[in-house]
1. Go through the stretch 195-207 and give me each residue that's more than 10 Å from the ligand (Cβ to nearest atom) and either buried (at least 24 other Cβ atoms within 10 Å of the Cβ) or at pLDDT below 95 (or both).
2. Please indicate, with yes or no, whether at least one residue in the stretch 39-56 is hydrophobic (A, V, I, L, M, F, W, C), in contact with a strand residue (DSSP E or B) (Cβ under 6 Å, 6 or more places away or on another chain) and open to solvent by 10 Å² or more (accessible area, probe 1.4 Å).
3. Which residue out of I24, I8, I43 is among the aliphatic types (A, V, I, L, M) and within 28 Å of T119 (Cα to Cα)?
4. Taking S2 and the conditions (1) exposed (fewer than 14 other Cβ atoms within 10 Å of the Cβ); (2) without any contact (Cβ under 8 Å) to a residue 24 or more places away in the chain; (3) away from the ligand (no atom under 16 Å from the Cβ), which numbered condition does it fall short on, given that it satisfies the others?
5. Does any residue of the stretch 80-93 turn out to be part of a loop (DSSP other than H, G, I, E, B) and exposed (fewer than 13 other Cβ atoms within 10 Å of the Cβ)?
6. Just name the residue that is farthest from S75 (Cα to Cα) out of those in the stretch 116-154 that are open to solvent by less than 60 Å² (accessible area, probe 1.4 Å) and hydroxyl-bearing (S, T, Y).
7. Please go through the stretch 35-69 and pick out each residue that is assigned to a loop (DSSP other than H, G, I, E, B) and in contact with a Lys or Arg (Cβ under 9 Å, 6 or more places away or on another chain).
8. Out of the stretch 21-48, which residues are small (G, A, S) and in contact with an Asp or Glu (Cβ under 7 Å, 6 or more places away or on another chain)?
Amino acid sequence: MSNVYALIGGSRLDHLSRLEGRMIDRIDTPYGKEPVELTRGQIDGLEVVFLSRHGVKEKKPPHMINYRANIWALSTFKPKAIIALASVGAVLVEDEIGTVAIPDQIIDYTWGRETSYNTGKESVINFIDFTYPFDMDLRDEIVRMADIMNLPIVDGGTYAVTQGPRLETAAEIDRIDRDGGHYVGMTLMPEACLAKELNLPYAAICQVVNPAAGRGASANSVEIASNDEELNKVTDQCVDLAIKTFVELNR
Ligand SMILES: CSC[C@H]1O[C@H](OP(=O)(O)O)[C@H](O)[C@@H]1O
């Protein structure tokens, strides 16, 4: 098989209509009975495997996603890079709805999730270096491609991962702000550290869909409606940015 690149779609993208020669794989993993459904195909001559993080038919809320199975299933294709799309709330008021950010740091506030492939039965524990949670070369490539595409993005920022599925309180967002968080979402952990344990270059493209709790006009202004044209346009731009980055990496 030629080089394969992996795209993870989040709450705003559960299928990739641009895939040609589409094939569906259901991958069994050691991490639960349910196989992980992946879609494979070509875009611009490139082999792409697509994962809908929340599932295909049944939608798993962020705290119930089987992250270990998802990343394991992707790893069976030995992807050269994984780009994850994620919707976020903006902690800072200057980051308006529609802002695209390429985060470079993570603060993890989740609990009770399976965060490792270490089982306690191995003779060697895999203590990964997680100083820089995203693959910096892949991040740089995404940022460079956004520049070539003339797509405005925020280069960097800290993604705070909350447990969900409830949204945060205003005080929790104030705390995240004091801690140095810029974007808030519920899914990039443990996705990022599991990818790192398996040595898979992983980076994220985040799309702001609402001001975080207490930072916007309304109490709960999460806007994930799939019929919102402006937001859909930005999601398409994020997909385009990911695919063009893959094409560039493959040159
Ligand atoms: C009401 S927030 C919805 C959902 O959006 C984000 O998911 P994803 O990263 O898959 O786009 C967020 O983390 C929540 O899970």
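The values are calculated or read from the model by the stated rules, or taken from the named source; none is laboratory data. Keep in mind the model is a prediction, meaning the values are calculated, not measured. Heads up, the Cβs are rebuilt from the backbone with ideal geometry, glycines too, and the neighbour counts pull from every protein chain shown. Accessible surface areas use protein heavy atoms only, side chains included; no ligands, DNA or RNA. Shrake-Rupley method; radii C 1.70, N 1.55, O 1.52, S 1.80 Å.
1. Selection gives A195, Y202, A203, I205.
2. Looking through the stretch 39-56, at least one residue is hydrophobic (A, V, I, L, M, F, W, C), in contact with a strand residue (DSSP E or B) (Cβ under 6 Å, 6 or more places away or on another chain) and open to solvent by 10 Å² or more (accessible area, probe 1.4 Å).
3. I8
4. Tallying (1) exposed (fewer than 14 other Cβ atoms within 10 Å of the Cβ); (2) without any contact (Cβ under 8 Å) to a residue 24 or more places away in the chain; (3) away from the ligand (no atom under 16 Å from the Cβ), S2 fails exactly one: (2).
5. yes
6. Step by step, filter the stretch 116-154, then rank; the result is S116.
7. Passing the criteria: P35, D44, R53, H54, K60, I65, N66.
8. G41
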